[in-house]
Amino acid sequence: MINANARAVFSPDGPFKLTTIERRDLQPHDVLIEIKYAGICHSDIHTARGEWGPVQYPLVPGHEIAGLVAQVGSDVTKYAVGDRVGVGCMVDSCGECVNCHNGEEQYCLEGNTGTYAATDRYGQYTQGGYSTHIVVTEDFVVRIPDGLPLDAAAPLLCAGITTYSPLRHWEAAPGKKVAVVGLGGLGHMAVKLAHAMGAEVTVLSQSLKKKEDGLKLGADHYYATSDPETFKKLAGSFDLIVNTVSAKVDMNAYLSLLALDGTLVNVGAPAEPLSVNVFSLIGHRRSFAGSMIGGIRETQEMLDFCAEHHIAPEIEVISANQIDEAWERVLASDVRYRFVIDISTMNKE
Ligand code: NAP
Ligand code: ZN
């Protein structure tokens, strides 16, 4: 076993404490990664607090991992010691079902293995990126292009791919009107990516507090959803709406903003069910859809796209002692726009 230092919660309420966890010994196709940076995703909070179902404690969250290859197993061909690499929300899948064969491992019919809070094929409970090291099979490791700094690259492994994938699937492009609901970690990446793909981008945020930022990130328009006039003015106007909100919001109000044949894709994942009135859909042949992260091939494509278009998340780098505080700020929608933990501070208490 390989020991790693980590920050874990020991109950749904936290707080984070320094601990030691075990990573498996390298199997022939495994890569040992020395983690340099880990992003904080709202999913870390939903999971650790048991909102999506019970989990085991201690739990080390973190699925936006950027680091350097420290060691490789005997049969590894894709990576060498020193390579700049990333790991996202999954570390394994069956590799045999139709979805895995098609490079959509996130939709593995056996269920993909989450980077944390899942049981892997070795029977070990997975622990995530708020730690110094992780062992991952090479097929679930991606390469971080040289043009992307490691700290800013980390959030691309979840926030980046989770927004890139639906924007590609529903073809954000010139001539398309795309709205992004919620300007947080995922939302701000959706704005940057949709803008880079050539779409006309509108931000729908709770208030106008972040309007200047939104326009700088690449939005063409910015509206407050707290203003009822917004829903009247924008009725029937979007081809695609990407909802990134982490809480339950009024789906029917947002569906009314779609044009004929428009799609509202939900990537936000509140635990509470969202209710949809069929008349919000049938009147204008609208679709209500969901999307989960992206496959490994598409994750690599997204990283290369970001390097090519000079796109990187807006980050606030914090030390490991500031995780609890950062989580509170995420919950208060006070994040601009992703917290990233500097893993070199792991042992400083
Ligand atoms: P985040 O940084 O907290 O951003 C969420 C944003 O939603 C906030 O910044 C806020 O934007 C808005 N918001 C929050 N509470 C709201 C409320 N009560 N009413 C209206 N708007 C509200 O979170 P994130 O890391 O981007 O994650 C967003 C959601 O996506 C989470 O539920 C997460 O679990 C989920 N997720 C899903 C996937 C997937 O594969 N589908 C992957 C990653 C994350 P404004 O201040 O601009 O209004
Ligand atoms: Zn995430």
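Between the exposed loop cleavage positions of the chain, defined as chymotrypsin sites (Phe, Trp or Tyr not before Pro) in a non-H, G, I, E, B DSSP state with at most 13 neighbouring beta-carbon atoms within 10 angstrom, the longest gap is 123-349.
Give a quick list of GluC sites (Glu not before Pro) in segment 84-121 that DSSP marks as loop, anything other than H, G, I, E or B, with at most 11 other Cβ atoms within 10 Å. For GluC sites (Glu not before Pro) across segment 84-121 that sit outside H, G, I, E and B with at most 11 neighbouring Cβ atoms in 10 Å, the list reads GLU96. Take the chain with all the other protein chains still there, run a 1.4 Å probe, and you get 42 Å² of accessible area per residue. Rounded, prolate or oblate: which fits the chain, taking a ≥ b ≥ c as square roots of the Cα gyration tensor eigenvalues, rounded meaning a/c under 1.5, else prolate when a/b beats b/c? Prolate, since a/c reaches 1.5 and a/b exceeds b/c. The share of alpha-carbon pairs in segment 160-290 lying farther apart than 26 Å comes to 11%. Quick one: which of LYS36/LYS211; LYS177/LYS216; LYS78/LYS192; LYS36/LYS216; LYS177/LYS211; LYS210/LYS248 span more than 24 angstrom between C-alpha atoms? Going by Cα-Cα distance, LYS36/LYS211; LYS78/LYS192; LYS36/LYS216 fall outside the 24 Å limit. Where only DSSP H runs of four or more residues are counted, the chain gives -6000 deg cm²/dmol as its mean residue ellipticity at 222 nm, each run worth -39500 (n - 2.57). The spacing between segment 116-150 and segment 13-75, judged by their C-alpha centroids, is 7 Å. Of the residues ALA152, ALA269, ALA289, the one that moves most in a GNM of the chain with alpha-carbon contacts below 10 Å is ALA289. Rounded to the nearest 20 debye, the dipole size of the chain about its Cα centre is 780 debye, using +1 on the Cβ of Lys and Arg and -1 on the Cβ of Asp and Glu. Here the 3J(HN,Hα) profile of segment 155-163, calculated from phi with Karplus coefficients 6.51, -1.76 and 1.60 at θ = phi - 60°, is x, 5, 5, 10, 4, x, 5, 5, 9 Hz, Gly and Pro shown as x. Using a Gaussian network model of the chain in which every pair of alpha carbons under 10 angstrom is joined by a spring, one finds that among ASN277, ASN243, ASN99 the greatest mean-square fluctuation is at ASN277.
Sequentially through segment 144-150, phi angles give Karplus couplings (6.51, -1.76, 1.60; θ = phi - 60°) of 8, x, 4, x, 9, x, 5 Hz, Gly and Pro residues having no value and appearing as x.
Calculated FRET efficiency, SER226 and THR20, Cβ-Cβ r, R0 45 Å, to nearest 0.05?
The value I calculate is 0.45.
The P(r) of segment 41-85 has a tail past 12 Å containing 69 percent of all C-alpha pairs.
Across the accessible surface of the chain, with the other protein chains kept in place and a 1.4 Å probe, carbon and sulfur atoms take up 49 percent.
Near the amide H of PHE238, within less than 5 Å, lie the amide hydrogens of LEU258, ALA259, all on another chain or at least 5 residues away, with H placed in the peptide plane. Close amide-amide hydrogen proximity is noted between SER287 and GLY262, THR263, LEU264, each under 5 Å apart and 5 or more residues distant or on a separate chain (H modeled in the peptide plane; Pro and chain starts excluded). Once C-alpha pairs closer than 8 Å and six or more residues apart are averaged by separation and normalised to the residue number of the chain, the relative contact order reads 18 percent. Does segment 152-217 classify as rounded, prolate or oblate by the C-alpha gyration tensor (a ≥ b ≥ c root eigenvalues; a/c under 1.5 gives rounded; else a/b over b/c gives prolate, otherwise oblate)? Taking the square roots of the gyration eigenvalues as a ≥ b ≥ c, segment 152-217 is oblate.
From the square roots a ≥ b ≥ c of the eigenvalues of the alpha-carbon gyration tensor of segment 1-148, which class results: rounded (a/c under 1.5), prolate (a/b over b/c), or oblate? Verdict is oblate for segment 1-148. In sequence order, segment 33-42 has phi-based couplings of 10, 8, 6, 9, 9, 9, x, 9, 9, 4 Hz under the Karplus curve 6.51 cos²θ - 1.76 cosθ + 1.60, θ = phi - 60°, and Gly or Pro positions carry x.
The values are calculated or read from the model by the stated rules, or taken from the named source; none is laboratory data. Since the structure is predicted, the reported quantities are computational estimates derived from the model, not experimental observations. FYI the Cβ positions are ideal-geometry reconstructions off the backbone, even for glycines, and counts take in every protein chain you see. Remember, those area values only see protein heavy atoms, side chains included, never the ligands or the DNA or RNA. Shrake-Rupley method; radii C 1.70, N 1.55, O 1.52, S 1.80 Å.
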